[in-house]
Ligand SMILES: [Zn+2]
């Protein structure tokens, strides 16, 4: 089966605000499976449904996985809600939808997130470190926000210029 294509900036579909999942159907389970497959293939540590063109409040993460030798243990979060955000921390972030770029982003250092899993059970995640960052980054995608929307206007415009130049060069080839 072909891997799902991951949309890349400036695809306008990345800017949409996603709708809640109303029922966990076989299609939703299939979407989650496809998203995990695409995430590991890249590889990445998180992927949100809007990144594969589905405007649904769902993301997958696996912040423990880092190479072919570690066990894959992806978590699927459906209709996630942040019930606590505390502290501040800064991490160098990247995104599968924002090619050739990383930048420091300030976020909460501790978060508590409540979401449904694929069985429709409510799960509460208390996270710090990379997992807390990843949760916030992926949840932003559900609101149409990319990490480059959280950096300075100057840095962002430099990236946008570079990206447009690259796309123009690719189109001219
Ligand atoms: Zn991302």
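No value in this document is a laboratory result; all are computed from the given coordinates. Just so you know, these numbers come straight off a predicted model, no measurement behind them. Here Cβ is always computed from backbone atoms with ideal geometry, including for glycine, and neighbour counts include all displayed protein chains.
The angle between the Cα long axis of helix 129-142 and the longest principal axis of the Cα atoms of the chain comes to about 80 degrees, rounded to the nearest 10. The sum of -39500 (n - 2.57) across all DSSP H runs of n ≥ 4, divided by the residue count of the chain, sets its helix-only mean residue ellipticity at 222 nm to -9500 deg cm²/dmol. Among 29, 4, the order by Cβ neighbours within 10 angstrom, fewest to most, reads 29, 4. For 31, 130, the sequence from fewest to most other C-beta atoms within 10 Å is 130, 31. On the beta carbon distance between residue 161 and residue 119, with R0 = 41 Å, the FRET formula returns roughly 0.35.
When you work out D = kT/(6 pi eta Rh) for the chain at 10 °C and 1.306 mPa s, using the Kirkwood radius from C-alpha pairs as Rh and the Stokes-Einstein form, the result is 95 µm²/s. Taking the longest Cα principal axis of the chain as reference, the axis of helix 26-41 is set at about 50 degrees. Can you give me the angle between helix 153-172 and the longest principal axis of the chain, using Cα atoms only, in degrees from 0 to 90, rounded to the nearest 10? Computed tilt is about 70 degrees. Inter-label distance, residue 173 to residue 55: 3.2 nm, where each label sits 7 Å from its Cα along the C-beta direction.
Give me the percent relative contact order of the chain, please, defined on Cα pairs under 8 angstrom at least 6 residues apart. Normalised by residue count, the contact order of the chain is 22 percent.
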